[in-house]
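To start, the structure under review is shown below, and the notes come after it.
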């Protein structure tokens, strides 16, 4: 039996850096659609924090349904010699999270945010989603708003800590889906040359941050 191979395509980032190459946001969307039709698993669309063109591409891509591909981004946690609270990229990440939360619950990237309640009964499942989806989404969007409002705070109160915990947990659920992690205790073999290395590093970092938040909450009790 042949091992399964997943393809990670960087045409829209590495491929755009050649001499004379200047993709527009529309060009990138058309190329991504073609790559998706080929069955590519992951398409790295660029760096959403680096220029308006890439920001537009990711904004448009989040509104589209992809048959095979998951859209990935090149990024970093902060700029060199810049504190996190002074880095606008962190706020852009929150904006990306908002875009993900606006996706329909059937989208593969957010399926773990809306777990099935009636897997064997499609009619009941549809009714359940109609009753709960909007409430769940509104609650998660409110958490993202609370994180953004307190990102510059030196000290977080209990309510803010809870919002951070829930927002980080939602993001880790999405990242875990992208990384195909089914168990929160699953050990990651980190390889800096792996195309998913940045996503793995962010997933691990957020897990550590989540543990610190839980410890801080327990101290308050």
Projected label distance in nm at residue 142 and residue 211, using a 7 Å step from Cα toward the beta-carbon
3.1
Using the beta-carbon distance between residue 94 and residue 21 and R0 = 25 Å, what value does 1/(1 + (r/R0)^6) give for FRET efficiency, to the nearest 0.05?
0.20
How far apart, in nm, are two points set 7 Å out from the Cα along the Cα-to-Cβ line at residue 33 and at residue 150?
4.3
Give the Rg (one decimal place) followed by the Dmax (whole number) of the stretch 1-74, computed from C-alpha coordinates and expressed in Å.
12.5, 45
The stretch 1-45-the stretch 96-111 distance, computed between alpha-carbon centres (Å):
21
For residue 4 and residue 130, what does the FRET efficiency come to when R0 = 45 Å and r is the distance between their Cβ atoms, rounded to the nearest 0.05?
0.80
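Take peptides 152-164, 101-113 and line them up by average Cβ neighbours within 10 Å, highest first, as a rough protection proxy.
Order by mean packing, descending: 101-113, 152-164.
Quick one: divide the alpha-carbon radius of gyration of the stretch 92-221 by 2.2 N^0.38 Å and tell me what you get. The partial results should precede the final answer.
Numbers: Rg = 16.1 Å, N = 130, 2.2 N^0.38 = 14.0 Å.
My calculation over the Cα atoms of the stretch 92-221 gives 1.15.
How much FRET efficiency would the formula 1/(1 + (r/R0)^6) give for residue 118 and residue 159, where r is the Cβ-Cβ distance and R0 is 25 Å, rounded to 0.05?
Values: r = 33 Å, r/R0 = 1.33.
Taking R0 as 25 Å, the efficiency between residue 118 and residue 159 is 0.15.
Every number here is computed from the coordinates shown, using simple stated rules; none is lab data. Just so you know, these numbers come straight off a predicted model, no measurement behind them. Every residue, glycine as well, gets a Cβ built from its backbone with ideal geometry; the counts of neighbours run over all protein chains shown.
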